[in-house]
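Accompanying notes for the structure given below.
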Amino acid sequence: MNISSVLLLLIGSFLCISGGVGILRFPDFYTRMHAVGVTETLATAMILIGLMLQNPDGLVVVKLMIILLMTLFISPTASHALASAAVHNNLMPELDNKEDNKKVKSSNP
Amino acid sequence: MLMGLYNYWIVVVLMMVGFYIVIAHGNLIKKIVGLSIFQTSVFIFYISMAKVEGGTAPILAEGIRQYSNPLPHVLILTAIVVGIATTALGLALAVRIKEAYGSIEEEDIQKKDNLDC
Amino acid sequence: MKDLFAVIMLSGIYGLLSASFFVSMDAVDVAFTEASVGAGISTLLMLVAITMTGRTENPSRHKPLLALAVVIVTGSLLIYGTLDMPYFGSAQAPIHQHVAPRYINDSMQEVGVPNIVTSVLASYRAFDTFGEVVVIFTAGMGVLALLSAVRRPRDVAEIDSFNKSMYEEHLILRIVAKMLIPFILLFALYVQFHGDYGPGGGFQAGVIFAAAIILYAMLFGMNTARRVINQSFIQLFAAIGVLLYGSVGVISLLNGKNFLDYSILSADPIAGQHLGILLIELGVGFTVASVMVIIFFNFAGRRNNQQNKENNDSC
């Protein structure tokens with residue numbers, strides 16, 4: 001029980017750190033957000049399940065379950081809101097190919 | 001020896017950051033942000049004074065002897081909510097100034113005032 | 001940094017971080033308040049304010065050297081002053097000798113509430129808290145006086161068309177918010193009434209409750225929100241909160257005890273204390289929630305009016 005909980009916590013923290021590295025390393029807004037948005041949901045789930053295993057009986061598990069459910073709802077929604085706000089403000093993803101970049105810009109004045 | 005005082009130094013640094021923003025920037029919104037940083041440094045000062053080594057949160061429970069001091073918590077709890085209310089008042093003043101003067105930069109406002117005289 | 005948007009976002013992150021400082025220094029109640037106020041409401045209000053005052057700061061012309069010198073001198077004087085202060089975490093510090101032992105040792109017999117912060121806030125220092133509530137109320141009235149504009153009721157058709165365009169744009173946000181808002185309100189009520197036993201109380205609950213209403217107003221438009229919650233109704237509630245608090249004090253005064261001494265409210269002094277704390281926390285919750293909503297509604301209403309005016313001018 002204890003080992004599995006520690007393992008889950010470690011995986012969760014590793015995912016968090018990789019998300020943080022992603023923010024620093026990726027070139028533009030959308031890829032950065034993708035790095036965080038994807039890892040964060042799994043990381044919080046892992047950490048919360050690990051915490052549940054630390055204290056497997058009583059009210060704590062119920063509270064953690066509620067928190068887990070809330071994060072599962074909220075974090076994708078927050079990512080969506082961020083991304084749509086970026087699109088709304090005409091922020092274009094950086095593309096590999098220079099010509100593609102121009103095309104996208106000209107099609108979206 | 002002196003390292004036991006580090007909490008006060010953090011507070012002083014934060015307070016001076018807030019103070020610098022207030023006196024060195026002309027933008028009223030930025031001044032309000034600076035004031036709120038100043039305010040938070042005072043909160044941290046109080047809460048760090050309340051902390052007792054080995055103590056725990058002041059909620060009575062079986063088998064716990066050492067609690068942190070609850071009194072500063074009470075003072076700061078109310079101060080935070082009062083702080084946001086007064087910050088909102090400051091923002092409202094900034095909005096009205098913008099409407100009346102067309103700018104929230106200190107220098108522009110003073111210039112307009114001098115012109116009116 | 002010249003972009004005020006980034007400044008405000010960073011200050012929101014700073015608020016959340018300072019909430020985690022407070023948790024690590026055992027002040028769970030304070031951390032709760034700071035997380036909901038510093039990271040939530042204050043960031044939001046500043047954002048609304050910069051939509052009206054402009055987003056960038058002009059480069060300043062005066063030299064920052066003088067300011068820097070003043071700051072450094074003051075800072076070093078303050079640090080010199082800290083040299084005599086008690087060490088961090090020392091249990092012998094003067095602050096822990098005076099009244100704190102009484103609160104910690106006797107509050108269970110005298111007030112009967114496990115959360116010492118709540119019992120000090122609402123019973124020992126209730127008069128102080130009353131003052132704070134009045135300050136919040138006054139600040140709300142101040143914002144109302146500064147920003148309340150004559151509201152021109154727009155046509156229902158216009159609201160509907162506005163809603164339709166919003167509906168397509170923020171479909172996902174609206175659906176998720178519709179699911180979450182009842183839970184946020186429920187959580188606020190839990191925080192309100194669980195404040196005796198765990199971290200929480202009227203201040204936090206009021207802010208969370210207001211956050212739910214503000215979320216609704218942001219996603220469904222101000223006019224829809226105004227139809228759900230009438231502004232004069234909220235103003236009434238802000239006043240009711242303060243009145244409730246004060247009248248509890250007056251009742252104990254009329255019964256021959258001190259102002260805000262709740263032991264008289266029931267035959268059993270402990271039950272009386274419980275009842276009194278419940279009532280005044282309710283008063284605090286009413287006032288804080290409605291003042292926050294008043295502040296937001298007035299900011300947002302001002303902004304809508306400005307935009308309408310600009311539209312009319314450009315036509």
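Worth pointing out:
- Selection count, segment B:1-55, where residues are more than 19 Å from B:Thr87 (Cβ to Cβ), of a type outside the set (Gly, Ala, Ser) and touching a strand residue (DSSP E or B) at 6+ places or on another chain (Cβ under 9 Å): 1
- Residue in segment B:52-64 that is assigned to a helix (DSSP H, G or I) and either among the aromatic types (Phe, Trp, Tyr) or within 9 Å of chain C (Cβ to nearest Cβ) (or both) present: no
- Scanning segment A:20-32 for residues that are of a type in the set (Phe, Trp, Tyr) and either within 24 Å of A:Ser4 (Cβ to Cβ) or part of a helix (DSSP H, G or I) (or both) yields a count of 2.
- Note on segment C:252-276: residues that are within 26 Å of C:Ala188 (Cβ to Cβ) and either outside any helix (DSSP H, G or I) or within 13 Å of chain B (Cβ to nearest Cβ) (or both) total 1.
Here's the yes/no breakdown for (1) assigned to a helix (DSSP H, G or I); (2) modelled with pLDDT under 85:
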site	(1), (2)
A:Ile3	yes, no
A:Phe14	yes, no
A:Ser18	yes, no
A:His34	yes, yes
A:Thr44	yes, no
A:Ile49	yes, no
A:Asp57	no, yes
A:Leu64	yes, no
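Here's the yes/no breakdown for (1) under 20 Å from B:Asn7 (Cα atoms); (2) surrounded by 11 or more Cβ atoms within 10 Å (Cβ to Cβ); (3) in contact with a Pro (Cβ under 8 Å, 6 or more places away or on another chain):
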position	(1), (2), (3)
C:Thr43	no, yes, no
C:Leu47	no, yes, no
C:Thr53	no, yes, no
C:Pro64	no, yes, no
C:Val70	no, yes, no
C:Ser76	yes, yes, no
C:Ile79	yes, yes, no
C:Gly89	yes, yes, no
C:Ile95	yes, yes, yes
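- Lone qualifier among C:Leu219, C:Leu189, C:Leu185 - being closer than 22 Å to A:Phe73 by Cβ and within 11 Å of another protein chain (Cβ to nearest Cβ): C:Leu219
- When we screen C:Val284, C:Val291, C:Val250 for residues that are among the β-branched types (Val, Ile, Thr), out of contact with any helix residue (DSSP H, G or I) (no Cβ under 7 Å at 6 or more places or on another chain) and modelled with pLDDT of 85 or more, the only hit is C:Val250.
- All positions within segment B:89-113 that are in contact with a Phe, Trp or Tyr (Cβ under 8 Å, 6 or more places away or on another chain) and either of a type outside the set (D, E, K, R) or surrounded by 16 or more Cβ atoms within 10 Å (Cβ to Cβ) (or both): B:Leu91, B:Ala92, B:Val95, B:Ile109
- Inter-residue pairs, beta-carbon under 6 Å, first in contact (Cβ under 8 Å) with a residue 40 or more places away in the chain and in a helix (DSSP H, G or I) and in segment C:222-245, second among the β-branched types (Val, Ile, Thr) and surrounded by fewer than 18 Cβ atoms within 10 Å (Cβ to Cβ), 6+ apart: C:Asn223/C:Ile159
- Matching option when the condition is buried (at least 18 other Cβ atoms within 10 Å of the Cβ) and on the phi > 0 side of the Ramachandran plot, among C:Leu282, C:Leu260, C:Leu265: C:Leu260
- Residues in segment B:21-31 that are more than 7 Å from every other protein chain (Cβ to nearest Cβ) and either in a loop (DSSP other than H, G, I, E, B) or surrounded by 21 or more Cβ atoms within 10 Å (Cβ to Cβ) (or both): B:Ile21, B:Leu28.
- Selection within segment C:91-134 - at the interface with chain B (Cβ under 7 Å from one of its Cβ atoms) and either in contact with a Lys or Arg (Cβ under 6 Å, 6 or more places away or on another chain) or of a type in the set (S, T, N, Q) (or both): C:Asn115, C:Thr129
The values are calculated or read from the model by the stated rules, or taken from the named source; none is laboratory data. Remember, it's a predicted structure, so these values are computed and weren't measured experimentally. With ideal geometry, Cβ positions are generated from the backbone for all residues, glycine too; neighbour counts draw on all protein chains shown.
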